[in-house]
Each structure stands twice: as structure tokens, then as C-alpha cells.
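Data first, discussion second: the structure below is written as C-alpha cells.
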């Protein structure tokens, strides 16, 4: 168990006692793992009373990607503002909060430290319990916000700029990772290919939009399969294949159709994600599947997953786009389930930029 954590001797006692007394549980959540400064108030784990996000996309677009130092400084400027705005929007006072949930990893260390420091300061000043939340657990938990009927167990695909994971969600806060990326994550590949074909940052939404004008069968790009684990992903070879195609066209003086390249690349990524996911659902015998993370807002992926799940008689869940990208509501939802299990963090909680899945129940 990492520094800063302790688990109550009798799990769930504090949370359930309060629930049994007929009182609602309010979580103030903070997220600052990358370039979004966010705060949210979540009631009873699934009711979002506020979800305030201050984005830095326009600023980092100038540099073609997130600049960690700039991101950290912007978090410092915005963190108190978004927390105040979240409480006002929710119509709540800080003293009514039952816990402060904050992302402590993985992510950019400077960015994480801003959120963790703010949460620790609030906890110290008010005595409100502090709960550190794993960022990926937050993404998975985003599905609970709009789908009250969704409960574990099920399989979830988490796809974002830094993560591509297939996880068996055994219970709230209990996961088995059965597949993950060996190199580039799906979102990272989107960003790199978008930059190569002149779309710029952020790559995912731009490729999604441009692809609608292209032919996904115009160019065949490879789909990687790993012999030692059918559920693992590898997108580095696909990215290199796109770059080689572009270089070849330029050397031969051939015209490059941006939309066709984007659509063909996107199809290759989506086919791999769908294939691995459906294989996992069938092999593990589940009839429920969910997606999460920034790439989960991709329209092609959502449509392909929906069709595949329908064909295989699998219930399919996905968050709205606002809950796919980094936000604090998902952290509040994950924090709620940690709270009722009796998990608390100490004031020595620290940012862990490379926090691995497998920590605290992962």
C-alpha cells in the first residue's frame, strides 16, 4: 500500500452508517493530472451536482502538445477558482462535504502536485477526510454517472492519450488488468499521426472530424497482434506505417489525401480495439462491456463498439464525451466508492506520476 494510505479496520462502516441514517454523502473532487483543471461536487456517487473544467487546449495548441511546465503554472492560477465555482454551481458549502477526492496519479508530476496540494490543504484546514484516487479508476467510474443500472462485474476498455487497457471490473475498486499497450497508447498514436498529416493538436478530435470526409479503405495499414497475449495492444508499428506511407508519397511526388490517411488510420485503430474487446468479453463470459477515456469519445469507435456489442448480444455502456476527457466528476464517483469502503489518505499523500495499475486493488 503506497505512502499516505490507510484502510479502516471495518470497511464500509463509516459510509454505511451515514447512509443508513438517511443522510446523503457529498464528495468534493479535484482533477489536475494533465492540462485540465477541474473540480466537481458528486452526491451519493452517481449524481453530479457540478462539474467545472478549465481547459488549456488553446494554449498548448501553440506548441503542438502539452508543455508540462506551462500546464503546472496554469493549474496554480485556476485551481482555487474552479473549486469555488464547483461549490457555487452545486449550491453547497465546503463544510457539508464528507470527503475530498483528488487524483494523485498517474499524470504529469507538476500538474498532479497542484491538485494534491490543494486537496491536502483543504483537508488539513477543515478536518474533512482526504481520499487519493487513481486516474484510470476515475475513467472507469465515469460510466456510473449516466448509467445507474450499471454495476460490476463487467469488462471495460480504457483508451486515452497515455493508456490502453482492458480490465475486468470485478467490483467497485477491484480490477484485473488482462491487456495493455506495449508501446504507444491509442490516443498517443492519434496525436502523432495528426501532427504528421498537418492537423495539429489535439489529434483525436481532429482525426475523428476529418475522417468523415475520407475513405477508410483507401490505404491498408497493419493491425498488430501479439502472440504472447491476445489482449495486449501495440500501436507503434501502425504509427510508423503511416509515417512511412507519408514519406513515400513525398519522395515520389504523389498527392496525399489527408482525409483518406486519417480515415484509414482510424479504421485500423478501431478494428484492433473492437477485436480485442469482443475477444475478451467472449472468453471471460460477460454480457456487459464499457469503454472509457478520451478516445472513448471517438464517434467511429463508439459506432463500431455499439454494432459489435449488438451483434454479440452484449450490453454496451459509454460515458458522454464530457465525462470521457479528464474531469473531476469521475474522480468524485470513484472517490465515493473508496469512501464507503473506509479508504482514507494521510496528509503525506504525494503525487505519483507513474502510478501503475495494480495499486490499491488494481
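The values are calculated or read from the model by the stated rules, or taken from the named source; none is laboratory data. As the structure is a prediction and not an experimental result, all values here were calculated from the model. Note that we place each Cβ from the backbone using ideal geometry, even for glycine, and neighbour counts take in every protein chain shown.
Tell me, which helices (runs of 4 or more DSSP H) lie completely within the range 288-362 with 1 or more residues that are more than 21 Å from residue 167 (Cβ to Cβ), without any contact (Cβ under 8 Å) to a residue 40 or more places away in the chain and over 15 Å from the mean Cα position of the chain (by Cα)?
On the way: elements: 299-311, 321-324, 328-341.
Per the criteria, 299-311.
From the residues in the range 297-318 that are under 26 Å from residue 33 (Cα atoms) and out of contact with any strand residue (DSSP E or B) (no Cβ under 6 Å at 6 or more places or on another chain), which one is surrounded by the fewest Cβ atoms within 10 Å (Cβ to Cβ)? Explain how you work it out, then say what you get.
Residues of the range 297-318 under 26 Å from residue 33 (Cα atoms): 297-299, 301-302, 317-318.
Checking the rest, the ones that are also out of contact with any strand residue (DSSP E or B) (no Cβ under 6 Å at 6 or more places or on another chain) come to 297-299, 301-302.
On the way: 297: 22, 298: 28, 299: 14, 301: 23, 302: 18.
Top of the filtered list is 299.
Of the conditions (1) more than 20 Å from residue 169 (Cα to Cα); (2) at pLDDT below 95; (3) surrounded by 17 or more Cβ atoms within 10 Å (Cβ to Cβ), residue 362 satisfies every one except a single condition; which number is it?
Checking residue 362 against (1) more than 20 Å from residue 169 (Cα to Cα); (2) at pLDDT below 95; (3) surrounded by 17 or more Cβ atoms within 10 Å (Cβ to Cβ), the one that fails is (1).
Find the residue count for the range 66-97, including only residues that are assigned to a loop (DSSP other than H, G, I, E, B), surrounded by fewer than 17 Cβ atoms within 10 Å (Cβ to Cβ) and in contact (Cβ under 8 Å) with a residue 24 or more places away in the chain. Spell out how you get there, then give the answer.
Let us first name the residues in the range 66-97 that are assigned to a loop (DSSP other than H, G, I, E, B), namely 66-67, 91-93, 97.
Okay, now just the ones that are also surrounded by fewer than 17 Cβ atoms within 10 Å (Cβ to Cβ), so 91, 93.
Remaining after also requiring in contact (Cβ under 8 Å) with a residue 24 or more places away in the chain: 91.
The number of residues fulfilling the criteria is 1.
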